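The values are calculated or read from the model by the stated rules, or taken from the named source; none is laboratory data. Since we're looking at a predicted model, the values are computed, not measured. Methodologically, a virtual Cβ is constructed for each residue, glycine included, from the backbone with ideal geometry; neighbour enumeration extends over all protein chains shown. The accessibility values were calculated without ligands, DNA or RNA, using every heavy atom of the protein model including side chains. Shrake-Rupley method; radii C 1.70, N 1.55, O 1.52, S 1.80 Å.
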Amino acid sequence: MTIDDRLLVVIAGPTAVGKTSTAIALAQHFNTEIISADSRQFFREMSIGTAAPSMQELSLVKHHLVHHLSILDGYNVSRFETDALALMESLFHQHSVIIMVGGSGLYINAVCHGIDELPDPDPEIRRQLKEIFTTQGIAALQQELTLLDPEYAEKVDMSNPARLLRALEICRATGISYSTLRTNKPRHRNFRILKLGLELPRDVLYQRINNRVDAMMMAGLRDEALSLYPCRHLNALNTVGYKELFDYCEGLTSLDHAVEKIKIHSRRYAKRQLTWFKKDSEYTWFKPDEIDQIKIKVLA
RNA sequence: GGCGUCGUAGCUCAGCUGGUAGAGCAGAGGACUGAAAAUCCUUGUGUCACUGGUUCAAUUCCAGUCGAUGCCA
């Protein structure tokens with residue numbers, strides 16, 4: 001089997017654009033399976049709020065990497081890359097086309113182009129750095145980074161604590177500067193990749209987002225969030241649709257206000273996704289209902 | 001009907017004793033290598049309700065009109 005016999009079709013796009021049903025239609029047509037690239041649908045406790053595929057949808061096409069983790073499990077892009085590649089290796093034995101669908105751009109990139117091998121985060125180092133951040137502010141992080149990795153300090157967004165924390169945690173853990181470890185070397189993949197983006201006019205997309213949030217509430221999102229409230233500090237739950245309802249649990253907002261916030265935050269999330277995917281010129285863009293055109297593109 | 005308060009950016013509102021206006025949110029754009037549905041950056045000209053008046057100059061003072069709201073009848 002050569003590289004030409006293996007094709008990964010990536011279906012990306014903003015939240016609520018209609019990725020799931022398009023992917024299912026495509027997978028049925030090519031009689032193949034779907035790998036999810038959605039950093040929140042991994043978690044089985046989060047079903048309603050992540051708009052995970054329904055039981056009915058799951059029964060139509062075999063899905064992978066959906067609900068395969070607990071929110072208690074630690075997970076990250078690198079592990080996703082490993083898991084997805086291993087999965088594809090086995091799936092390609094039976095299928096020449098595999099569908100990957102999701103909205104997590106970083107995760108999709110990791111599978112398509114690889115991600116540098118860096119040590120897993122050390123909880124203790126991370127804790128120490130966070131403490132510095134909370135007690136001494138971002139300036140302390142900026143200073144240390146300038147000292148340990150002046151090259152990265154030059155180009156990183158120095159006002160973004162997440163970036164600084166991550167770089168420092170690597171510097172501290174390895175004793176080497178983060179930028180020297182960040183080679184950004186493209187990985188060789190033994191399959192072809194076709195990137196398809198789904199989009200809709202902004203006002204239509206926003207209407208779909210609003211409607212879907214209402215539908216989630218009807219489906220019991222409030223109770224799902226309430227049941228996860230004790231775990232609210234887990235990273236997996238730092239997620240649109242949950243954190244707003246945690247505020248409601250704590251009496252910080254009304255339910256209506258929380259729902260309104262979910263809609264707003266979902267729209268902003270969609271915009272960030274579009275910014276991410278749009279700058280990648282490898283994507284060909286379609287409307288979610290242009291199934292026939294998409295099929296032709298895949299066969300081309 | 002009388003008296004009072006209010007009418008400023010899509011929304012909520014700031015604008016001290018007159019020199020044509022500014023925040024938050026929304027919206028828009030962008031960044032992004034193990035937190036990524038995360039995290040962060042940039043971005044505010046609008047008949048200051050309308051019509052007159054006073055003034056060198058009015059969003060700001062005065063009168064009237066319209067609208068909103070409260071109290072009294």
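Tell me which of these A:Lys287 doesn't satisfy, since it passes every other one: (1) closer than 23 Å to A:Ala37 by Cα; (2) within 14 Å of RNA strand B (Cβ to nearest atom).
(2)
Every residue in segment A:17-26 that is of a type in the set (A, V, I, L, M, F, W, C) and surrounded by fewer than 24 Cβ atoms within 10 Å (Cβ to Cβ), please.
Looking only at segment A:17-26, we keep the residues that are of a type in the set (A, V, I, L, M, F, W, C), and these are A:17, A:23-26.
Of everything in segment A:17-26, those that are of a type in the set (A, V, I, L, M, F, W, C) and surrounded by fewer than 24 Cβ atoms within 10 Å (Cβ to Cβ) turn out to be A:Ile24, A:Ala25, A:Leu26.
Can you pull out every residue in segment A:158-205 that is surrounded by fewer than 13 Cβ atoms within 10 Å (Cβ to Cβ) and under 21 Å from the mean Cα position of the chain (by Cα)?
Those that are surrounded by fewer than 13 Cβ atoms within 10 Å (Cβ to Cβ) and under 21 Å from the mean Cα position of the chain (by Cα): A:Asn160, A:Ala162, A:Asn184, A:Pro186.
Which members of segment A:65-114 meet the condition of being of a type in the set (A, V, I, L, M) and touching a helix residue (DSSP H, G or I) at 6+ places or on another chain (Cβ under 6 Å)?
Going through segment A:65-114, the residues of a type in the set (A, V, I, L, M) turn out to be A:65-66, A:69, A:71-72, A:77, A:84-88, A:91, A:97-101, A:106, A:108, A:110-111.
Matches in segment A:65-114: A:Ile71, A:Val77, A:Ala84, A:Ile98, A:Ile99, A:Val101, A:Leu106, A:Ala110, A:Val111.
Can we say A:Val111 is in a strand (DSSP E or B) and within 21 Å of A:Pro186 (Cα to Cα)?
The answer is no for A:Val111.
Within segment A:115-140, take every residue that is assigned to a helix (DSSP H, G or I) and near RNA strand B (Cβ under 10 Å from one of its atoms) and give me the one that is surrounded by the most Cβ atoms within 10 Å (Cβ to Cβ).
Among those that are assigned to a helix (DSSP H, G or I) and near RNA strand B (Cβ under 10 Å from one of its atoms), it is A:Leu129.
Report yes if A:Tyr229 is open to solvent by 50 Å² or more (accessible area, probe 1.4 Å) and touching a helix residue (DSSP H, G or I) at 6+ places or on another chain (Cβ under 6 Å), otherwise no.
Spelling it out, A:Tyr229 is indeed open to solvent by 50 Å² or more (accessible area, probe 1.4 Å) and touching a helix residue (DSSP H, G or I) at 6+ places or on another chain (Cβ under 6 Å).
Checking A:Gly251 against (1) under 13 Å from A:Ala51 (Cβ atoms); (2) part of a loop (DSSP other than H, G, I, E, B); (3) more than 9 Å from RNA strand B (Cβ to nearest atom), which single condition isn't satisfied?
Every listed condition holds for A:Gly251 apart from (1).
Check off (1) within 15 Å of RNA strand B (Cβ to nearest atom); (2) of a type outside the set (Ser, Thr, Tyr); (3) closer than 30 Å to A:Leu26 by Cα for A:Arg192 and give me the number that stays unchecked.
The single condition A:Arg192 does not satisfy is (1).
Quick check: anything in segment A:99-106 more than 13 Å from RNA strand B (Cβ to nearest atom) and in contact (Cβ under 8 Å) with a residue 24 or more places away in the chain?
Yes, segment A:99-106 has at least one match.
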